[in-house]
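Step one of this worksheet: look at the structure below.
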Amino acid sequence: MKLQKHKKEAIPKEGPHEATIASIKGKPEGENPKKLVIGYKVDGYEKEIPFDVTPVSMAPGKPLRKFAETALDRPLKDEEAEDLEFDTLLNRPCLIVVAHKTGAGGRQLIPHVTVVLPKHTVANPAGRTTALS
């Protein structure tokens, strides 16, 4: 019997990638999560790439509010922000910037999201991003 070698999946390169919002999960799960983990999908990579958002607050200027406004590509009114159903943000396109971190044991590189931008933002060859109007 011959053992099959596990084929290593190539992780996305560091830098900007077109993506979609694939999941939004509270951690810990339940009524009052301490943070949300946003999972993004990019073409050619099977797993979701995570982005942690804390605190779980839709107050103006807070990271979660900025995430929602970026996903919707517009500012939110306070009452609209408080009533937002996060499931409505799923499958929305955006541009993410991926970085790598070393996993436990120091042998594996793990991709994670460092920046989320509206879909109409493009990356130029030098790796800088430019907003299109």
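The values are calculated or read from the model by the stated rules, or taken from the named source; none is laboratory data. Because the structure is predicted, anything quoted here is derived from the model rather than measured. In this analysis, Cβ positions are derived from the backbone assuming ideal geometry, glycine residues included, and neighbour counts consider all displayed protein chains.
Remark: pairs (first residue in the range 31-57, in contact (Cβ under 8 Å) with a residue 40 or more places away in the chain and farther than 16 Å from Thr70 by Cβ; second residue charged (D, E, K, R) and assigned to a loop (DSSP other than H, G, I, E, B); Cβ separation under 7 Å; 6+ apart in sequence or on different chains) are absent. The requirement of being more than 15 Å from the chain's Cα centre (by Cα), surrounded by 17 or more Cβ atoms within 10 Å (Cβ to Cβ) and on the phi < 0 side of the Ramachandran plot is satisfied by Ala81.
Report yes if Thr70 is under 16 Å from the mean Cα position of the chain (by Cα), modelled with pLDDT under 90 and not charged (D, E, K, R), otherwise no. Steps first, answer last, please.
On the way: under 16 Å from the mean Cα position of the chain (by Cα): yes; modelled with pLDDT under 90: no; not charged (D, E, K, R): yes.
So Thr70 fails the test.
With the requirement that a residue be under 27 Å from Ile110 (Cβ atoms) and without any contact (Cβ under 8 Å) to a residue 24 or more places away in the chain, what does the range 66-82 give you?
Applying the first criterion (under 27 Å from Ile110 (Cβ atoms)) to the range 66-82 yields 66-68, 70-71.
Scanning the range 66-82 gives Lys66, Ala68.
Residues in the range 1-32 that are modelled with pLDDT of 90 or more and under 16 Å from Glu85 (Cα atoms): Ile21, Ala22, Ser23, Ile24, Lys25, Gly26.
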